[in-house]
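Contents: one structure, followed by commentary.
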Amino acid sequence: MTLTPAPENAGQALIVFDLDGTLLDTHVDLVESLNYTIAALDLEPVTYDDLTHLVGQGARVMIERACKLQGRPISSEELAPLVERFVAHYSANMPGHTEPYPGLVAAMDRLKASGYRLAVCTNKLEGLATSLLEKLGLTHYFDAITGGDTFEHRKPDARHLTGTIERAGGDVSRSVMIGDSINDIAVAKNAAVPSIAVPFGYSDVPVSSLDPDVIITHFDELTVELVEDLLRDSATKVAV
């Protein structure tokens, strides 16, 4: 494989990925665990189409939505053990059907070989995110993996992303956020970090309507040249 020569300061750059719907296609396993969970309430199974934009938003949100879809009010007292039931089932069955999106591993190899740091910033619980990536043999790619419970704040709060960048040894001015949903694009904007959107994840609206800086339809498009152009454009905007 012929590697693109890295820019002189490429080693200082950091690519931050969302997890569900960006790095990994997790929807089958999340919906299976959700249906296992709501079966405790004698509710009918839901489908991915029922919950597309909520997959990846966390177990609590999905459980609440599934109950609402079926007209079943749920109290905070009922919700806590249901979340525990979901997490236990999901943990016991991972990685299940989950797999990286096409071209992801090659893209990460390409970026790492050119001196870039990589990180994960997800609203999934940190322990679940780390365990899933471990079972898929992917943790060695990342300088930091943070979840919705890592800090006091979570996406789209800028502090989730800036905290992830700090943990990965990166610099906000040389970082890029890649994601599939409004939380990812919003956290990038809130942190003044350029964003790349992917359209194959779990957004309930076209990602173009979220106004990311760049949209890629396949990870083959995630190149050193693209990242450097994006960082250069971002620096120019700041300078102006």
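Pairs, please: C-beta under 6 Å, at least 6 apart or cross-chain, first residue in contact (Cβ under 8 Å) with a residue 40 or more places away in the chain and in region 101-117, second aromatic (Phe, Trp, Tyr)?
Partner pairs satisfying both residue conditions: GLY103/PHE219; LEU104/PHE219; ALA107/PHE219.
Can you confirm whether TYR90 is among the hydroxyl-bearing types (Ser, Thr, Tyr), in contact (Cβ under 8 Å) with a residue 24 or more places away in the chain and closer than 17 Å to VAL31 by Cα?
Criteria met by TYR90.
In region 162-182, which residue that is charged (D, E, K, R) and out of contact with any helix residue (DSSP H, G or I) (no Cβ under 8 Å at 6 or more places or on another chain) is surrounded by the fewest Cβ atoms within 10 Å (Cβ to Cβ)?
Step by step, filter region 162-182, then rank; the result is GLU166.
Given the criterion modelled with pLDDT of 90 or more, open to solvent by 10 Å² or more (accessible area, probe 1.4 Å) and at positive phi, identify the matching residue among ASP42, ASP25, ASP29.
ASP42
Residues are listed down the side, and each one gets a yes or a no for (1) open to solvent by 30 Å² or more (accessible area, probe 1.4 Å); (2) among the hydroxyl-bearing types (Ser, Thr, Tyr); (3) part of a helix (DSSP H, G or I):
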{"site": "ASP184", "(1), (2), (3)": "no, no, yes"}
{"site": "ILE196", "(1), (2), (3)": "no, no, no"}
{"site": "TYR202", "(1), (2), (3)": "no, yes, no"}
{"site": "SER208", "(1), (2), (3)": "yes, yes, yes"}
{"site": "ASP220", "(1), (2), (3)": "yes, no, yes"}
{"site": "LEU230", "(1), (2), (3)": "no, no, yes"}
{"site": "ASP233", "(1), (2), (3)": "yes, no, yes"}
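What number of residues within region 201-240 are of a type in the set (Phe, Trp, Tyr) and modelled with pLDDT of 95 or more?
1
Looking at ARG65, ARG110, ARG72, ARG60, which one is farther than 22 Å from ILE165 by Cβ, basic (Lys, Arg) and crowded, with 16+ Cβ neighbours inside 10 Å?
From the options ARG65, ARG110, ARG72, ARG60, the qualifying one is ARG65.
Name the residue that is farthest from ALA168 (Cα to Cα), counting only residues in region 78-107 that are of a type in the set (Gly, Ala, Ser) and surrounded by 16 or more Cβ atoms within 10 Å (Cβ to Cβ).
Only one residue fits best here, namely GLY96.
Picking from THR52, THR37, which residue would you name as being out of contact with any Pro (no Cβ under 6 Å at 6 or more places or on another chain), of a type outside the set (Asp, Glu), in a helix (DSSP H, G or I) and modelled with pLDDT of 90 or more?
Just one listed residue meets the conditions, THR37.
Collect the residues in region 127-154 that are at pLDDT 95 or above, open to solvent by 10 Å² or more (accessible area, probe 1.4 Å) and within 12 Å of the chain's Cα centre (by Cα), keeping them in residue-number order.
Of everything in region 127-154, just one residue is at pLDDT 95 or above, open to solvent by 10 Å² or more (accessible area, probe 1.4 Å) and within 12 Å of the chain's Cα centre (by Cα), namely ILE145.
Filter region 116-126 down to the residues that are over 12 Å from the mean Cα position of the chain (by Cα) and open to solvent by less than 10 Å² (accessible area, probe 1.4 Å), then identify the one that is nearest to GLY21 (Cα to Cα).
LEU118
Scanning for something within 25 Å of PHE219 (Cβ to Cβ) and in contact (Cβ under 8 Å) with a residue 40 or more places away in the chain, does region 43-52 turn up at least one residue?
yes
The values are calculated or read from the model by the stated rules, or taken from the named source; none is laboratory data. In this text the structure is predicted, and so the values were computed from the model without any measurement. Neighbour counts are summed over all protein chains in view; Cβ atoms, including those assigned to glycine, are modelled from backbone coordinates with ideal geometry. These accessible areas exclude ligands, DNA and RNA; they are computed on the full protein's heavy atoms, side chains included. Shrake-Rupley method; radii C 1.70, N 1.55, O 1.52, S 1.80 Å.
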